[in-house]
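Notes for the one structure printed next.
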Amino acid sequence: MGGVLAMYTFITPLLTDRAGIPAGAVPLVLIAFGVGVLGGTAIGCRLGDHRPMATTITASAATSLILLAMIPASNSPVAAVVLVFGTALAGLTVNPVATSLAVRFASDAPTLTSALTTSGYNTGIAAGSLVAGRALDSSLGLTGPVLVGAVFAALTLLPLIAPALRGTNGPSPGRRPPPHRHGRRTGDGRRLRRDRTLNTTPVQPRWEQPS
C-alpha cells in the first residue's frame, strides 16, 4: 500500500511532464487507477480465501516489477496509463488478503488486529509519501517516487516469505480454536475430565459405613 501510494501521490507531474499527457486527461488516468483498485480488491478477496500466501507474495512482487518497469517506460503515454492501471490492480490485491491473514492469526482479538492492520497501512502510506517527496526533489527527479514505490513494494515481501516457507496459512477461516477444558490435572500432567452426568448413587455417611 505504501509503495502504490508513493507513486500515486506524485502521479500528476509524472503523467504531464514525463509522459506528455495533457493535464485535462489526468482525471481519466485516475479513473483507470480506480478501476484497477476495484479489480485488485476483487481478485484479492477471491484468491485470498484459497491461497493467501501465494496471492500476497505474487501481488507484491508484481507490484514492484511494474513500478520498476514504469521508470523507463513512463516516457510513453500509453505505457504510462497501462502501468498505472497495472500498479493499482496488483498493489491493491494485497490489502484484503493481508487483513484477513492478520485477523486469522490473531483469532482472540480480531477487532484490535484489524485496527492495527489499518494503522499499519496508514503508516506505510505516510512514510512512502514522505520518502517519495524527498526523492522527487533529488537527482532522481520525476521517477524518484516510482523508484521509492518499487522499493516499498519489495519490502512487503519480507514479512510474507517467512510464514510461506514454514507453510503457515493460519487457522482456516470460520474455524474457532477449541475451548478450554476444565478439570483437574493429575501428577503426570493428564487432565481429569469432569463427569457431567448426575450421580444417583447415594452416599453412605461415614459413621454408617462398616468398619
Query raised in the report: Can you tell me which residues in the range 84-94 are part of a helix (DSSP H, G or I) and free of Cβ contacts under 8 Å to residues at least 60 places away in the same chain?
Result: Phe85, Gly86, Leu89, Ala90
Query raised in the report: Does Val94 meet the test of being aliphatic (A, V, I, L, M), crowded, with 23+ Cβ neighbours inside 10 Å and within 14 Å of Tyr8 (Cβ to Cβ)?
Result: no
Query raised in the report: Of everything in the range 97-131 that's among the small types (Gly, Ala, Ser), out of contact with any Gly (no Cβ under 7 Å at 6 or more places or on another chain) and surrounded by 13 or more Cβ atoms within 10 Å (Cβ to Cβ), which residue is modelled with the highest pLDDT?
Result: Ser129
Report task. Just one of (1) at pLDDT 90 or above; (2) surrounded by 14 or more Cβ atoms within 10 Å (Cβ to Cβ); (3) under 20 Å from the mean Cα position of the chain (by Cα) trips up Ala54, so point out which. Result -> (1)
**Report entry** Residue ID - nearest to Thr55 (Cα to Cα), chosen from residues in the range 97-107 that are touching a residue at least 24 places away in the same chain (Cβ under 8 Å) and not small (Gly, Ala, Ser)
**Finding:** Val97
Query raised in the report: Of everything in the range 60-78 that's over 23 Å from the mean Cα position of the chain (by Cα) and hydroxyl-bearing (Ser, Thr, Tyr), which residue is surrounded by the fewest Cβ atoms within 10 Å (Cβ to Cβ)?
Result: Ser76
Requested in this report: Could you please tell me which pairs satisfy a Cβ distance under 8 Å, a separation of 6+ or placement on different chains, a first residue in the range 116-142 that is farther than 25 Å from Thr99 by Cα and in contact (Cβ under 8 Å) with a residue 12 or more places away in the chain, and a second residue that is among the acidic types (Asp, Glu) and assigned to a helix (DSSP H, G or I)?
Outcome: Leu142/Asp17
**Report entry** Counted residues, the range 29-83 - those being more than 15 Å from Ser100 (Cβ to Cβ) and outside any helix (DSSP H, G or I)
**Finding:** 3
Query raised in the report: Inside the range 5-43, can you point out the residues that are among the small types (Gly, Ala, Ser) and surrounded by 21 or more Cβ atoms within 10 Å (Cβ to Cβ)?
Result: Ala6, Ala19, Gly36, Gly40
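The values are calculated or read from the model by the stated rules, or taken from the named source; none is laboratory data. This one's a predicted model, so the numbers in the text were calculated from it and none came from an experiment. Here the Cβ is made from the backbone with ideal geometry for all residues, glycine too, and neighbour counts use every protein chain on show.
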